[in-house]
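Everything on this sheet refers to the single structure shown next.
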Amino acid sequence: MIIYQRTTQQQEQNNLSIECIPPHIQHIIFELLKNATIPSLKTKTPVTISYYPHEEAPQEKVVIKLSDLGGGLKDESLIDKIFHFHFTTTPRNSKDEVNGFGMGLPLCKVFALFNQGDLKLVNNPNVGVDLFITVPRAKDDSVLSQG
Ligand SMILES: Nc1ncnc2c1ncn2[C@@H]1O[C@H](COP(=O)(O)OP(=O)(O)OP(=O)(O)O)[C@@H](O)[C@H]1O
Ligand SMILES: [Mg+2]
């Protein structure tokens, strides 16, 4: 899977390739967008996605950052619970076929780990949530980026 990085200094597009199972990364981004969308609709704020080489291992890892300004976790103490399967704060009357199972974050973490990556959530109280997906960088960007 190939994603494109716009460098802030040079304002030019560089290819940045990652090595992972495409449906896994698609599922992760889908679930994280699902989580971010409802709070962001309430605050009428955008969800942003950016990506860049990992600061400490730029040749080995890529970070995909997904941020919202939907107000953050309802309670700071939730930080210890949200990666547990079946934990949800979705009210019973808001659950439907695709929302409110408490499966989103824990399954995304499993997929990230399975692909030799990781998933971390940073809560900015009363502001929003930042999700950092770390995935391995493709061994040979130049070959993959031509594909
Ligand atoms: N972007 C976010 N802003 C605020 N709270 C969030 C955000 N993402 C997750 N949470 C909190 O983490 C909890 C767990 O999220 P998770 O995705 O695992 O389950 P869910 O969204 O409740 O249900 P499901 O993903 O199965 O539809 C949510 O119920 C919510 O309280
Ligand atoms: Mg969810």
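Please treat every number below as a calculation from the coordinates, not as lab data. Owing to the predicted nature of the structure, the values given are computational and were not obtained by experimental measurement. Using ideal geometry, Cβ is built from the backbone for each residue, glycine included, and neighbour counts are taken over all protein chains shown.
Structural remarks
- Checked against (1) farther than 15 Å from E31 by Cβ; (2) more than 13 Å from ligand 1 (Cβ to nearest atom), S77 meets all criteria but (2).
- Which numbered condition F87 misses (of (1) away from ligand 1 (no atom under 11 Å from the Cβ); (2) more than 20 Å from S40 (Cα to Cα)): (1)
- Of the residues S50, S40, the single one that is more than 9 Å from ligand 1 (Cβ to nearest atom), within 16 Å of the chain's Cα centre (by Cα) and either under 25 Å from G117 (Cβ atoms) or among the charged types (D, E, K, R) (or both) is S50.
- Against the list (1) of a type in the set (V, I, T); (2) surrounded by fewer than 16 Cβ atoms within 10 Å (Cβ to Cβ); (3) closer than 25 Å to I21 by Cα, the condition T90 fails is (3).
- Of the residues making up region 57-113, those that are within 15 Å of the chain's Cα centre (by Cα) and hydrophobic (A, V, I, L, M, F, W, C) number 15.
- Residues of region 73-115 satisfying the condition of being in contact (Cβ under 8 Å) with a residue 40 or more places away in the chain, more than 15 Å from ligand 2 (Cβ to nearest atom) and part of a loop (DSSP other than H, G, I, E, B): N115
- When P46 is tested against (1) surrounded by 13 or more Cβ atoms within 10 Å (Cβ to Cβ); (2) farther than 15 Å from I18 by Cα; (3) not basic (K, R), exactly one condition is not met: (1).
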